[in-house]
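Since the structure comes first, as structure tokens, the remarks are kept for the end.
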Amino acid sequence: MHPISGPRRNHMIWNKGVTQSPIEHASRNPVSLFHSHNTGIISLVLIALLLLTFVGTCTAAESVDNCYLRCIITNTPVYGSNSGIDVKSFCREQCASQNTPPSDLSVSIQKNGNSYTVGDRFSITVSVIDSSTKSPVSGASLNIEYYNQNTQQRFSQKGTTDSSGKYSTGVKWSENAVGSMNIKVTATKTPYNSGSSSTTVSVKSAQSTAEPIRASFTLSPQSGTVPLTVTFTDTSVGNPESRLWKFHDGQTFT
């Protein structure tokens with residue numbers, strides 16, 4: 001007997017009369033364990049990859065018909081009827097939803113007047129709606145730009161529409177606003193296309209409206225026997241601060 005025949009026999013595994021080497025037994029066992037415990041995980045990963053592939057088949061730049069046709073041609077040979085996925089239904093749904101163009105934002109402006117004087121308060125209310133459904137759009141970001149067409153000066157305000165799709169603000173006109181003032185409101189919100197609206201108002205410098213000073217008096221009686229008491233009544237306009245009286249005998253009074 002060979003010197004190593006004894007040890008070799010001690011490492012052999014007997015199974016129903018069939019000899020099996022330790023190496024063969026060890027290599028089969030791990031594979032069996034791997035399949036029994038990880039089949040579910042592998043299936044989930046494959047399903048996720050399938051869904052990702054389907055979602056990526058359509059682009060918003062092409063028509064619904066082209067999207068559907070490309071989706072069918074691309075995915076049917078790969079997944080076929082044995083995948084458990086209705087390729088036609090899935091492609092139809094994906095192409096219909098992904099190729100619907102986003103709505104535009106419609107912006108309207110309400111203001112408290114068209115002509116102002118420096119120092120006046122300018123009030124504005126902005127309304128934003130979905131141009132397709134006509135429903136208010138809340139949370140839209142607003143940029144309100146004021147541009148003086150005479151001085152070419154600009155300044156801006158930021159705002160956000162409330163739950164009713166509205167935003168109100170205002171400014172007090174200064175001398176820098178004198179001239180023709182253009183107000184432009186731009187609204188943005190994902191996934192809508194941005195919208196804007198403009199309006200123009202005029203602002204004039206503050207000027208005194210006081211009447212020019214003009215002296216005017218009445219007297220009564222206008223004639224009589226000396227000594228005669230005469231009453232003078234001031235009917236001057238323009239709110240004079242002082243008066244100078246000059247009489248025919250050369251006397252003056254203030």
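Readers should treat all values here as calculations from the given coordinates under stated rules, not as data from a laboratory. All values derive from a computational prediction rather than experimental measurement. We place every Cβ from the backbone using ideal geometry, glycine too, and count neighbours over all the protein chains shown.
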Under a straight-distance cross-link criterion of Cα-Cα below 24 Å, which lysines are reachable from Lys158, leaving out those fewer than 8 residues away in the same chain? Lys111, Lys134, Lys166, Lys172, Lys184, Lys189
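Would you mind classifying segment 198-253 by shape? Square roots of the alpha carbon gyration tensor eigenvalues, ordered a ≥ b ≥ c; an a/c under 1.5 is rounded, otherwise it is prolate if a/b is larger than b/c and oblate if not. Write down the numbers at each step before the final one.
Details: a/c = 6.93, a/b = 3.56, b/c = 1.95.
Note, shape of segment 198-253 comes out prolate.
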Under Karplus coefficients 6.51, -1.76 and 1.60, residue-wise ³J(HN,Hα) of segment 130-136 in Hz, glycine/proline x: 6, 5, 8, 8, 6, 8, x
Using 0.36 nm per residue, how much length does the chain from Arg214 to Ser89 gain when fully extended, once their Cα-Cα distance is taken away? 35.8 nm
For segment 197-254, the charge dipole (Cβ of Lys, Arg +1; Cβ of Asp, Glu -1; about the Cα centre) points to a positive end, and the Cα of Ser197, Phe217, Val230 closest to that extreme belongs to Ser197
Please state, rounded to one decimal and in Å, the Kirkwood hydrodynamic radius that segment 114-254 gives when every pair of distinct Cα atoms enters the mean of 1/r. 20.4
In Å, the Kirkwood hydrodynamic radius of segment 119-173 over pairs of distinct alpha carbons? 12.6
